[in-house]
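Below is one structure, written out as structure tokens; comments come after it.
The values are calculated or read from the model by the stated rules, or taken from the named source; none is laboratory data. Just so it is clear, the model here is predicted, and its values are computed rather than measured. Note that we place each Cβ from the backbone using ideal geometry, even for glycine, and neighbour counts take in every protein chain shown.
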Amino acid sequence: MAQDDTHQQHPLAIYFWIWGLLFVLSTFSYLVDIMGFEGYVRWGLILLFMFLKAGFIIAVFMHMMWERMALIYAIIGPPIVLLVLIGLMAVEGNYTVLTRLNFFGADTSEFAEHH
Amino acid sequence: MAYDATATGPGHDPGLRGIATDWGGDRQAFHVPWGKAMMWIFLLSDTFIFSCFLTGYMNVRASTRVPWPNPSEVFALSFGGEPIPLILIAIMTFILITSSGTMAMAVNMGYRGDRAKTAALMLITAAFGAMFVGMQAFEWTKLIIDEGVRPWSNPMGAPQFGSVFFMITGFHGAHVTLGVIYLTTVAMKVLRGDYEKRGYEIVEITGLYWHFVDLVWVFIFAFFYLW
């Protein structure tokens, strides 16, 4: 009856595959640091491996890909508004650092002495 | 027609129950056990908390004039020879992924009704979690005692580094610690046979919490340690 709907029973093989994949992706993201990538290549690779890992954990380990759309949208939808917060804070941070450089200058040696 | 607050239309329940039935409209939105829906909604709220922390971190890192300490060097560890960058953090990441795998196995064994294997796998998961917290305690000790990192200052650069580090990893570590306690409690109840009649959804719900802790670490690893 409703058993099939609520029971998340899947073949073990898929968990082993995802498990292995998460190890590989983690190794890759660690290698981004070891290989010393810089700038946009570094940030791009970090984000790529991060989103892949997060996606696999949510979709398979947390069984989201087998849930109904009603639950998927209710949980995945709301965090999208966070992009607005992130955008606003990025702009604000940029403004703050420019203001600080304007008023205090680039000399930060005062911070090296206060411990 | 004026609105009458005391109206008792057909099927109106008094008090709090009335609120629930009016909003629910006699319909069930999520066709999953209620515990699972509630766990997902809790995790959603937790997502907002961690996102606020990470966004705050982004803001202070973007707004400081002082160079941000290089995490690759700060979290390097030497085993006799040259310091290996981020090695402890990498090991912690692999430990958490391993524990996520054993948790997924536990959920599977639970639905098969294999009590002994379910409890054993959950306890293994908890053990990995405890290992993670232990390594984090080591990392904190090293940073506080040896490197002199404080929430208000540090010798490596921007003073905000310490407060961000302690707040974010501390809050995540608290989640792992709670998860270890939660897992151990449920594992003991599984072993005792408490869920033989009620079903093993509880193992899946506990698993959701544990995978979420792993998920948060994926973002902390990317943004705090690698960026």
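Structure notes:
- Residue check for A:L12: surrounded by fewer than 17 Cβ atoms within 10 Å (Cβ to Cβ), within 16 Å of the chain's Cα centre (by Cα) and either more than 10 Å from every other protein chain (Cβ to nearest Cβ) or without any contact (Cβ under 8 Å) to a residue 24 or more places away in the chain (or both): no
- Residue, modelled with the lowest pLDDT, within segment B:185-202, restricted to residues that are more than 10 Å from every other protein chain (Cβ to nearest Cβ) and surrounded by 18 or more Cβ atoms within 10 Å (Cβ to Cβ): B:Y195
- Enumeration of residues in segment A:71-115 that are closer than 19 Å to B:A158 by Cα and of a type in the set (S, T, Y): A:Y95, A:T96, A:T99, A:T108, A:S109
- For segment B:74-87, a residue qualifies if it is surrounded by fewer than 18 Cβ atoms within 10 Å (Cβ to Cβ) and either closer than 16 Å to B:F138 by Cβ or within 11 Å of chain A (Cβ to nearest Cβ) (or both), and the qualifying residues are B:A76, B:L77, B:S78, B:F79, B:P83, B:I84, B:I87.
- Each residue in segment A:20-57 was checked for being under 24 Å from A:L71 (Cβ atoms), facing chain B (nearest Cβ under 7 Å) and free of Cβ contacts under 8 Å to residues at least 12 places away in the same chain, and 1 of them qualify.
- With respect to the stated conditions, B:T125 is under 15 Å from the mean Cα position of the chain (by Cα), surrounded by 24 or more Cβ atoms within 10 Å (Cβ to Cβ), away from chain A (no Cβ under 11 Å) and at negative phi.
- Odd one out for B:G113 among (1) under 30 Å from B:V186 (Cβ atoms); (2) under 25 Å from the mean Cα position of the chain (by Cα): (2)
- Residue match in segment B:51-73 (condition: more than 10 Å from every other protein chain (Cβ to nearest Cβ), outside any loop (DSSP other than H, G, I, E, B), modelled with pLDDT under 90 and out of contact with any strand residue (DSSP E or B) (no Cβ under 9 Å at 6 or more places or on another chain)): no
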